[in-house]
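Q: The structure is given below, and queries will be raised subsequently.
The values are calculated or read from the model by the stated rules, or taken from the named source; none is laboratory data. Source: prediction; values computed, not measured. Because the Cβ atoms are built from the backbone with ideal geometry, glycine has one as well, and the counts that use them run over all protein chains shown. Only protein heavy atoms, including side chains, enter the accessible area calculation; ligands, DNA and RNA are left aside. Shrake-Rupley method; radii C 1.70, N 1.55, O 1.52, S 1.80 Å.
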Amino acid sequence: MLDFSKYGYSGDTPLPVFNTKWYSGSDSYSDGDVEETILKIIAQNNSTDYSEAITRNFSWPVFYHLTHFRQNILNWYPFQENSDILEIGCGMGAITELLCKKAKSVTSVELSKRRASAAYLRCRNYSNLEIIVGNLNDIEFEKKFDYITLIGVLEYQGRYTDSENPFKDFLSKIKSLLKPNGKLLIAIENKYGLKYWCGAREDHTAIPFDGLNQYILSKTAQTFSRQELADLVKNAGFENSFFYYPLPDYKFPQVIYSDEYLPKNSSIDNWLPYYYPDTSTMIADETLIYKDIIKNNVFPFFSNSFFVECAVNKNDHVGYTKYIVSSPLRKKEYRINTVLNEDGFFKYAEKASENQLYNIENIYNNLIKSGINIAHIKKDKLLLSIETITGTSLTSEFIKLYEAKDIDSIISLWKRLYCELKSSSPSTVSEKNILITNGLTDNFYLNKNDKLLEYGYIDMIHKNCFVNNDKFTWIDQEWAINGLPASLILFYNIYNLYSANSWMEKILPAIKLLDYFEISVYSDIYTTFCKSFIQTILDPNVTAAYGYFRRTNFSNITDNIDLISRPKYKPVDNDLKNLNEFLAKKDFDGAINFVTSLDNQIILKKFPKMPALIVKYLNASDIEKNYIKNYYSSYEIIESSNI
């Protein structure tokens, strides 16, 4: 019997079965002593929401093993009721609890006894779970399974399956454990993932470009290309498979595409990249490349990870679900999955977030009363069905006009959107202006073209609107804010579109658009409000933890490119390095002080475009200054721009 008292556990004996019959007697892998810390966290928390504990004990292993984020790879999957699931490689139970909630029985296999102990204690309230410590290849099972999951496991079989064809033989073994119509679910990195081309360290070896170089520098693990994986699965006896593409990867998926729902230029959002342990080896920014990747129809080849649903028989159905968007950075009362499957679009809530579905339902009813076209919805317990809307996204319409440099039509479309926003709600009295009641300003002048909305629907932004036969139809309206100026929602639209498409600034500067609608004077207040609103939705612990691994430093990229491209004898230009450090930190005032401290001849020789940009910055409005700080993150960008 396991003794968890040394970890501070004093509760009842856990309900799962803990089976060590097949245990070899030693753990062949570990993250080290931090696993003891993780066990203490699990033992001393009655809930399996560990977000606060992660913050107090922050490290990559603690975050990786304990965050709810990990469940996003399967929390949308339509497991059949009363199913038997075999989980191979349960680790410390990151996904095990989710499976216990969805299945009649779960059998979890784990090589490490310490990790298996953590999963056992973490899932202590589930009597439908058996945890077996040992190597799958040694275990004799007494039953077959409806589903078998391989989440981050297949790539290691070169070490743990002793045969000439370890990956194929391992999958063949798994096939023998499935019921006749059973499914195998695989999650694995793509060795040709875009982040690896950009210089990110290989996930298993920490060696940049290791997979691209066919692992000639390491023997730790082996991942596959899309075609290699498809062939491997088929050669192992699985006649039917369906590929999904999680972003940023399968570990922390936020949006999941599939072969039947690939991203479009205007829709690759709802995700934030991360890099572990850091970005010190990066030579490119993957977020800047996806537009061309998508346009050239090669997104599946460059996807950072794969999730594959595999069936033994060719006629067994796979790919029921096509597209998934989750909201893991939100507080738990706001977390919802949006799913497209063969029956349409749906939103799924947990019990903790059911109230959010009621909010959506109320907003829908109010918008209908105001005469706004919005996709029909229907709530049924924790499920919200949404009418499928056809047409072109308003984002795509904007992109098309900006690409054509049709300024008049661009302005016209923004005006039309503004009118739509103003018609979405009755007006209210100035005393209810949320900018005043929240203390963001003491005095707010509502210009004659604006409107103070009784309910401001801040989700009425371009990506939630479709255009069909010149008619707007809205989707995905989650938030209603009392006393919101319509111009603030317009500002949020402009900010959102330009942030995702910085090239638009060269066609029509955002400041000119704001001036046209007479709202630039409030841009700082509006920016502050939007940021504070977002913070009320986000879980501060999860956001801080994930944000730590989102750190990007463009100067790393430029330094690495310089290191690769310069002759060996060429000395580092310390002036350029120092300037880029200021620019990368968005410290433009520091950059000015540094440049002006240099001799005039050095400035003219090394940084000839800086004087003009400095003058532009000093005479700029606050919003223009923010744009300059964000856009010009290195002198190389300044040098290639028209100042």
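Q: Counting only residues that are small (Gly, Ala, Ser), touching a Phe, Trp or Tyr at 6+ places or on another chain (Cβ under 9 Å) and either under 19 Å from Leu66 (Cβ atoms) or not in a loop (DSSP other than H, G, I, E, B) (or both), how many does region 109-144 have? Even if it seems obvious, please write down each step before you answer.
A: Step one: of region 109-144, the residues small (Gly, Ala, Ser) are 112, 116-119, 127, 134.
Retained after the next criterion (residues that are touching a Phe, Trp or Tyr at 6+ places or on another chain (Cβ under 9 Å)): 112, 116-117, 134.
Add one more test, that the residue is either under 19 Å from Leu66 (Cβ atoms) or not in a loop (DSSP other than H, G, I, E, B) (or both), and what stays is 112, 116-117.
Within region 109-144, residues that are small (Gly, Ala, Ser), touching a Phe, Trp or Tyr at 6+ places or on another chain (Cβ under 9 Å) and either under 19 Å from Leu66 (Cβ atoms) or not in a loop (DSSP other than H, G, I, E, B) (or both) number 3.
Q: I need the strands (runs of 3 or more DSSP E) fully contained in region 274-388, keeping only those with at least 2 residues that are under 24 Å from the mean Cα position of the chain (by Cα). Reasoning before the result, please.
A: Working: elements: 305-311, 321-325, 336-341, 344-349, 377-380, 383-386.
Result: 305-311, 321-325, 336-341, 344-349, 383-386.
Q: Being surrounded by 21 or more Cβ atoms within 10 Å (Cβ to Cβ) and under 26 Å from the mean Cα position of the chain (by Cα): is that true of Glu110 here? Steps first, please.
A: Working: surrounded by 21 or more Cβ atoms within 10 Å (Cβ to Cβ): yes; under 26 Å from the mean Cα position of the chain (by Cα): no.
In short, no.
Q: Here's another thing I want to ask about it. Residue by residue through region 157-171, note down the ones that are within 33 Å of the chain's Cα centre (by Cα) and modelled with pLDDT of 95 or more.
A: Gln157, Pro166, Phe167, Lys168, Phe170, Leu171 - these are the residues of region 157-171 that are within 33 Å of the chain's Cα centre (by Cα) and modelled with pLDDT of 95 or more.
Q: Taking the options Tyr364, Tyr275, Tyr334, name whichever one is in contact with a strand residue (DSSP E or B) (Cβ under 9 Å, 6 or more places away or on another chain), within 25 Å of Tyr192 (Cβ to Cβ), of a type in the set (Ser, Thr, Tyr) and in contact (Cβ under 8 Å) with a residue 24 or more places away in the chain. Explain how you work it out, then say what you get.
A: Numbers: Tyr364 fails: within 25 Å of Tyr192 (Cβ to Cβ); Tyr334 fails: within 25 Å of Tyr192 (Cβ to Cβ).
Exactly one of Tyr364, Tyr275, Tyr334 is in contact with a strand residue (DSSP E or B) (Cβ under 9 Å, 6 or more places away or on another chain), within 25 Å of Tyr192 (Cβ to Cβ), of a type in the set (Ser, Thr, Tyr) and in contact (Cβ under 8 Å) with a residue 24 or more places away in the chain, namely Tyr275.
Q: Among the residues of region 26-48, write down those that are farther than 19 Å from Gly89 by Cα and either exposed (fewer than 10 other Cβ atoms within 10 Å of the Cβ) or modelled with pLDDT under 95 (or both).
A: Passing the criteria: Asp33, Asn46, Ser47.
Q: Would region 59-78 turn up any residue that is farther than 29 Å from Gly344 by Cα, in contact with a Gly (Cβ under 8 Å, 6 or more places away or on another chain), in a loop (DSSP other than H, G, I, E, B) and in contact (Cβ under 8 Å) with a residue 12 or more places away in the chain?
A: Checking region 59-78: not a single residue is farther than 29 Å from Gly344 by Cα, in contact with a Gly (Cβ under 8 Å, 6 or more places away or on another chain), in a loop (DSSP other than H, G, I, E, B) and in contact (Cβ under 8 Å) with a residue 12 or more places away in the chain.
Q: Is it the case that region 375-395 has a residue that's hydrophobic (A, V, I, L, M, F, W, C), out of contact with any Asp or Glu (no Cβ under 9 Å at 6 or more places or on another chain) and over 26 Å from Pro263 (Cβ atoms)? Reasoning before the result, please.
A: Restricting attention to region 375-395, the residues satisfying the condition of being hydrophobic (A, V, I, L, M, F, W, C) are 375, 377, 382-384, 386, 389, 394.
Now restrict to residues that are out of contact with any Asp or Glu (no Cβ under 9 Å at 6 or more places or on another chain): 383, 389, 394.
Keeping just the survivors that are over 26 Å from Pro263 (Cβ atoms) gives none.
There is no residue in region 375-395 that is hydrophobic (A, V, I, L, M, F, W, C), out of contact with any Asp or Glu (no Cβ under 9 Å at 6 or more places or on another chain) and over 26 Å from Pro263 (Cβ atoms).
Q: With the checklist (1) open to solvent by 40 Å² or more (accessible area, probe 1.4 Å); (2) assigned to a loop (DSSP other than H, G, I, E, B); (3) under 23 Å from Leu394 (Cβ atoms); (4) modelled with pLDDT of 90 or more in hand, flag the one item Asn265 doesn't pass.
A: For Asn265, the exception is condition (4).
Q: Still on this structure: Would you say Lys512 is basic (Lys, Arg) and either free of Cβ contacts under 8 Å to residues at least 24 places away in the same chain or open to solvent by less than 10 Å² (accessible area, probe 1.4 Å) (or both)? So that I can check it myself, show each step before the final result.
A: On the way: basic (Lys, Arg): yes; either free of Cβ contacts under 8 Å to residues at least 24 places away in the same chain or open to solvent by less than 10 Å² (accessible area, probe 1.4 Å) (or both): yes.
It is true that Lys512 is basic (Lys, Arg) and either free of Cβ contacts under 8 Å to residues at least 24 places away in the same chain or open to solvent by less than 10 Å² (accessible area, probe 1.4 Å) (or both).
Q: Can you name every residue in region 613-643 that is in a helix (DSSP H, G or I), modelled with pLDDT of 85 or more and open to solvent by 60 Å² or more (accessible area, probe 1.4 Å)?
A: Of everything in region 613-643, those that are in a helix (DSSP H, G or I), modelled with pLDDT of 85 or more and open to solvent by 60 Å² or more (accessible area, probe 1.4 Å) turn out to be Val615, Lys616, Leu618.
Q: Just to be sure, is Lys179 touching a Lys or Arg at 6+ places or on another chain (Cβ under 8 Å) and either open to solvent by 50 Å² or more (accessible area, probe 1.4 Å) or part of a loop (DSSP other than H, G, I, E, B) (or both)? Give the steps one after another, and end with the answer.
A: Working: touching a Lys or Arg at 6+ places or on another chain (Cβ under 8 Å): yes; either open to solvent by 50 Å² or more (accessible area, probe 1.4 Å) or part of a loop (DSSP other than H, G, I, E, B) (or both): yes.
So Lys179 passes the test.
Q: If you don't mind, another one. Within region 571-612, can you find the residues that are over 18 Å from Asn630 (Cα atoms), in a loop (DSSP other than H, G, I, E, B) and in contact with a helix residue (DSSP H, G or I) (Cβ under 9 Å, 6 or more places away or on another chain)?
A: Val572, Asp573, Leu598, Phe607, Pro608, listed by residue number.
Q: Could you please give the count of residues in region 217-237 that are at pLDDT 95 or above and either assigned to a loop (DSSP other than H, G, I, E, B) or in contact with an Asp or Glu (Cβ under 7 Å, 6 or more places away or on another chain) (or both)? Give the derivation first.
A: Step one: list which residues in region 217-237 are at pLDDT 95 or above, which gives 221-237.
From what is left, the residues that are either assigned to a loop (DSSP other than H, G, I, E, B) or in contact with an Asp or Glu (Cβ under 7 Å, 6 or more places away or on another chain) (or both) are 221-223, 225, 236-237.
Residues meeting the conditions: 6.
Residue-by-condition table, conditions (1) closer than 16 Å to Met460 by Cβ; (2) open to solvent by less than 40 Å² (accessible area, probe 1.4 Å):
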{"site": "Tyr364", "(1), (2)": "yes, yes"}
{"site": "Gly371", "(1), (2)": "yes, no"}
{"site": "Ser385", "(1), (2)": "no, yes"}
{"site": "Thr388", "(1), (2)": "no, no"}
{"site": "Lys405", "(1), (2)": "no, no"}
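Q: Counting only residues that are open to solvent by 70 Å² or more (accessible area, probe 1.4 Å) and either farther than 18 Å from Ser641 by Cα or of a type in the set (A, V, I, L, M) (or both), how many does region 588-612 have?
A: 8
Q: Within region 145-163, can you find the residues that are part of a loop (DSSP other than H, G, I, E, B) and touching a residue at least 40 places away in the same chain (Cβ under 8 Å)?
A: First, the residues of region 145-163 that are part of a loop (DSSP other than H, G, I, E, B): 152-153, 161-163.
Scanning region 145-163 gives Gly152, Val153.
Q: I need a count of the residues in region 303-327 that are out of contact with any Lys or Arg (no Cβ under 7 Å at 6 or more places or on another chain) and open to solvent by less than 40 Å² (accessible area, probe 1.4 Å). Outline the logic, then answer.
A: We begin by selecting, within region 303-327, every residue out of contact with any Lys or Arg (no Cβ under 7 Å at 6 or more places or on another chain); these are 303, 305, 307-308, 313-326.
Now drop any that are not open to solvent by less than 40 Å² (accessible area, probe 1.4 Å), which leaves 303, 305, 307-308, 316, 318-319, 321-326.
Qualifying residue count, region 303-327: 13.
Q: Condition test on Phe252, is it aromatic (Phe, Trp, Tyr), within 21 Å of the chain's Cα centre (by Cα) and in a loop (DSSP other than H, G, I, E, B)? Even if it seems obvious, please write down each step before you answer.
A: Working: aromatic (Phe, Trp, Tyr): yes; within 21 Å of the chain's Cα centre (by Cα): yes; in a loop (DSSP other than H, G, I, E, B): yes.
Here the answer is yes, as Phe252 does meet what is asked.
Q: So, in region 238-249, of the ones that are open to solvent by 20 Å² or more (accessible area, probe 1.4 Å) and assigned to a strand (DSSP E or B), which residue ends up farthest from Leu329 (Cα to Cα)? First the steps, then the outcome.
A: Filtering region 238-249 down to residues open to solvent by 20 Å² or more (accessible area, probe 1.4 Å) leaves 239-241.
Cutting the leftovers down to assigned to a strand (DSSP E or B) gives us 240-241.
Values: Asn240: 34, Ser241: 31 Å.
Top of the filtered list is Asn240.
Q: Output yes when any residue across region 73-95 is open to solvent by less than 10 Å² (accessible area, probe 1.4 Å), touching a strand residue (DSSP E or B) at 6+ places or on another chain (Cβ under 9 Å), among the polar types (S, T, N, Q) and at pLDDT 95 or above, and no when none is.
A: Yes, because at least one residue in region 73-95 is open to solvent by less than 10 Å² (accessible area, probe 1.4 Å), touching a strand residue (DSSP E or B) at 6+ places or on another chain (Cβ under 9 Å), among the polar types (S, T, N, Q) and at pLDDT 95 or above.
Yes or no, residue by residue, for (1) within 15 Å of Tyr526 (Cβ to Cβ); (2) in contact with a strand residue (DSSP E or B) (Cβ under 6 Å, 6 or more places away or on another chain); (3) open to solvent by 30 Å² or more (accessible area, probe 1.4 Å):
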| position | (1), (2), (3) |
| --- | --- |
| Pro426 | no, yes, yes |
| Ser430 | no, no, yes |
| Asn433 | yes, yes, no |
| Leu440 | yes, no, yes |
| Asp450 | yes, yes, no |
| Tyr457 | no, no, no |
